[in-house]
Amino acid sequence: MAKARVKKRTHLRAQNASAAAKSSTSRGPKSMVIRVGASQVGSSVSQLVKDVRLMMEPDTAVRLKERKSNRLRDYTTMAGPLGVSHLMLFSRSSTGNTNLRLALTPRGPTLHFKVENYSLCRDVEKSQKRPRGGGQDHKTPPLLVMNNFSSPNADETSKIPKRLEALTTTVFQSLFPPINPQSTPLTSIRRVMMLNREPAPADSEEEPYILNLRHYAITTKRTGLSKRIRRLDPKEIRNKDGKAAIPNLGKLEDAADYLLDPSAAGYTSASETEIETDAEVEIAESTTRKVLNKRELQRMKAGERAQKKASSAPAVEKRAVKLVELGPRMRLRLIKVEDGLCEGKVMWHDYISKSVTEEKAMDKNWDKKRKEKEERKKQQRENIEKKKKDKTKAKADGEDDNDDVVMDEDWLSDDLDEEEGGVPVEQEEEEEDSDSSMEE
């Protein structure tokens, strides 16, 4: 009997299926950038959401389509199976303010920001003389650079406590996968996202927590050579168009007239060769390889050029690093921090401060709500088990009533929805009203 065919390229083996699933879930953090209210937020905020998705690539849902009927529970339910670790929710209030909620799934915490100012990618490109075009930059996650996130004089009694600074730093650090400087290749670092915390003004009584976000592309150029010689370098020609890469020498008598500037007495201008040393780095020179034919490959395998290649060591070249802004820009002000996923106890608020007595009363209220929630879940489980037993008993007795079956299925689906969300919709609205009145 012939042996059954095993498809290895398109089908996973049984023993490797668990390992593949584990590797897929153990990858870096993933995010969803969502506009709450779909098209009601306006065209500018919708474009801002697209720009933020482009900035968060490749580990984000770029083609996510929101609907007006979608709720937060729809996204949190699918966050677990899809491996989504962060939710970035953009919304617009009735007064016209643009808000951003950065939440960690599945249990929080949630950072509430007010987007005071923002600039889109197209606005940044219009302000540049030579904007950066598309390419392979967004195939790798950006490098995260944070500045001034922790202040030396902060403690637990200050306006912005030390634990809030540590929490904010941890949340933003978890947006992108960590890197190892010893093993991470330099070619994979093509972009950088910068977060700078503005220091509080000395003459102001307020101490707001404000972050400035910038997004740049990293470009490098060779140094120590004149601009004319660099234009003849094949490594530089590959990055340009065919017509613009090759200089026009038709009006010159000799190639030396192009390489050496006659007006400078045989020397190039100093502005073409001198570059600030602060932006220079030394890297291994990237050599171009010749495409060999069949005969040359055979000679190489025979070892004719082995001795020559062993003696040649990779050269080191100096390159100037330059940042080209891609956008978007955002100025974010932290308003409050919640304990759960877009809900729960308020851990810190920018405008509202509570005394010790009020905090104890709020903790007691949250403990009471937590116990009531656990009791409701317990009662729901008991009701579901009771309904299942009654349904099984009715089937065993031979009773077949279609109306009862439909009613049972509806009843079970409602209970399951409440079990997943934890609290019914009406009770959630009552709790939100009580929270808002309590905070006031």
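The values are calculated or read from the model by the stated rules, or taken from the named source; none is laboratory data. Note that the structure is predicted; figures quoted are calculated from it, not measured. Virtual Cβ from ideal backbone geometry, glycine too; neighbours counted across all protein chains shown. Protein only, heavy atoms only, side chains kept; ligands, DNA and RNA dropped before computing areas. Shrake-Rupley method; radii C 1.70, N 1.55, O 1.52, S 1.80 Å.
Share of the stretch 33-120's accessible area from carbon and sulfur, percent, 1.4 Å? Don't skip to the answer; put the middle values down first.
Details: 2080 of 4370 Å².
Roughly 48 percent, rounded to a whole number.
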Take LYS395 and MET347, extend 7 Å from each Cα along the Cα→Cβ direction, and tell me the distance between the two endpoints in nm. 4.6
Whole-number accessible area per residue in Å² for the stretch 27-126, which is evaluated in the context of all protein chains at 1.4 Å: 51
Out of ALA166, ALA154, PRO181, whose Cα points farthest toward the positive end of the dipole of the stretch 123-190 (charges: +1 Lys, Arg; -1 Asp, Glu; placed on Cβ)? PRO181
Give me, ordered by chain and number, the residues 5 or more places off LEU144 or on other chains with an amide H under 5 Å from its own placed amide H. MET193
P(r) for the stretch 84-142, please, calculated from all Cα pair distances in 5 Å bins and given in %. 4, 14, 14, 15, 17, 18, 12, 5, 1, 0
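Kirkwood Rh, Cα Rg: Rg to Rh for the stretch 64-112? Let's see the in-between values first.
On the way: Rg = 11.7 Å, Rh = 11.9 Å.
Taking Rh as the inverse mean 1/r over Cα pairs, Rg/Rh reads 0.99.
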Could you tell me the distance between the Cα centroids of the stretch 94-109 and the stretch 327-402, to the nearest Å? 18
Long-range amide H partners of GLU325, meaning residues 5 or more apart or on another chain whose placed amide H is closer than 5 Å, are ALA217
In whole Hz, with x marking every Gly and Pro, tabulate ³J(HN,Hα) for the stretch 207-219 from phi via Karplus 6.51 cos²θ - 1.76 cosθ + 1.60, θ = phi - 60°. 9, x, 9, 10, 10, 10, 10, 9, 10, 10, 9, 9, 10
